[in-house]
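The values are calculated or read from the model by the stated rules, or taken from the named source; none is laboratory data. Note that the structure is a prediction, hence the values are computed from the model and not measured. Counting neighbours? That spans all protein chains shown, and the Cβs are built from the backbone with ideal geometry, glycine included.
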Amino acid sequence: MKETKQEYIPALSFRFLTPFYDFIQKYIVRDVRYKTLLIQQANIQAGHKVLDLGCGTGTLAIMVKESQPDADVFGLDADPDMLKVAKQKSDEKNASVTFDTGFTNELPYPDATFDRVMSSIMIHHLKTPDKIKTAKEVFRVLKPGGELHIIDFGKPYTLYGKMLGPFLYRFEEANDNIAGDLPKIFGDPGLKTEITGHFWTFFGDLAFLKGKKN
Ligand SMILES: C[S@@+](CC[C@H](N)C(=O)[O-])C[C@H]1O[C@@H](n2cnc3c(N)ncnc32)[C@H](O)[C@@H]1O
């Protein structure tokens, strides 16, 4: 896998925490539950080409492949260490997923490649200009009629989430999320976007976003 030049925030902010990533996701964040809901929302069909943006250790991409074995699934992430785990997991599960190293603001795919672009708790790793570039890239790589499905931090809706809000707001990358700006940012290039639901976690309130390219 080729080395990348841009900076990015690792999954748990610090590299030494990477080996604990899947444990925290599974037992503290309950990621399988919200990833299952995101996959249901995406309604992936046989023959679809699906991209998991910022796929990390590949859990969502592998779940997509298991839920629809006739889909062609890709996972992209900037962190080669996360992708090594993803590759190992997909080999163990015999789930054929293509994992690519790359940045969300410069996707290594031609225009109109994907029927579905999905992303799970990675957009809050991007500063506003990179979110805007990523939104343009998502629009570019989606086919006409294609859909974007994101789960990430959103505008707090529980009392607990509202109490955590000011703390999360200290992290610049999460500000657009907490302000509820993701539908606008991903809608600006031309997608019709909407928030479709919420999911409570110990780390804050997540929101499901859907976008459609006409
Ligand atoms: C919190 S993890 C989420 C991983 C996975 N989607 C999941 O749900 O478990 C965020 C991921 O985004 C990746 N990432 C951060 N900035 C990125 C960027 N600009 N381009 C591509 N990947 C990025 C990190 O390497 C990390 O694997």
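Which of the residues that make up the range 173-214 are assigned to a strand (DSSP E or B), of a type in the set (Gly, Ala, Ser) and out of contact with any helix residue (DSSP H, G or I) (no Cβ under 7 Å at 6 or more places or on another chain)? Residues satisfying the conditions are GLY197, ALA207. Within the bounds of the range 165-180, is there any residue that is surrounded by fewer than 17 Cβ atoms within 10 Å (Cβ to Cβ), within 13 Å of the ligand (Cβ to nearest atom) and among the aromatic types (Phe, Trp, Tyr)? There is at least one residue in the range 165-180 that is surrounded by fewer than 17 Cβ atoms within 10 Å (Cβ to Cβ), within 13 Å of the ligand (Cβ to nearest atom) and among the aromatic types (Phe, Trp, Tyr).
A residue that is in contact with a Phe, Trp or Tyr (Cβ under 9 Å, 6 or more places away or on another chain), at pLDDT 95 or above, among the aromatic types (Phe, Trp, Tyr) and within 11 Å of the ligand (Cβ to nearest atom) can be found somewhere in the range 20-37. On the stretch given as the range 200-209, residues that are touching a Leu at 6+ places or on another chain (Cβ under 7 Å) and either surrounded by fewer than 19 Cβ atoms within 10 Å (Cβ to Cβ) or modelled with pLDDT of 95 or more (or both) total 2.
Residues of the range 74-84 that are part of a helix (DSSP H, G or I) and crowded, with 21+ Cβ neighbours inside 10 Å: MET82, LEU83. Search the range 93-107 for residues being over 14 Å from CYS55 (Cβ atoms) and surrounded by 13 or more Cβ atoms within 10 Å (Cβ to Cβ), and hand back the single one that is farthest from the chain's Cα centre (by Cα). Of everything passing the filter in the range 93-107, LYS93 is farthest from the chain's Cα centre (by Cα).
Checking ASP115, ASP77, ASP111 one by one, the residue that is of a type in the set (D, E, K, R) and within 13 Å of the ligand (Cβ to nearest atom) is ASP77 and no other.
Can you tell which of HIS124, HIS149 is assigned to a strand (DSSP E or B) and either surrounded by 17 or more Cβ atoms within 10 Å (Cβ to Cβ) or in contact with a helix residue (DSSP H, G or I) (Cβ under 7 Å, 6 or more places away or on another chain) (or both)? Within the list HIS124, HIS149, the selection yields HIS149.
Which of the following residues is more than 9 Å from the ligand (Cβ to nearest atom), farther than 15 Å from THR201 by Cα and modelled with pLDDT of 75 or more: GLN6, GLN45? Residue meeting the stated conditions: GLN45.
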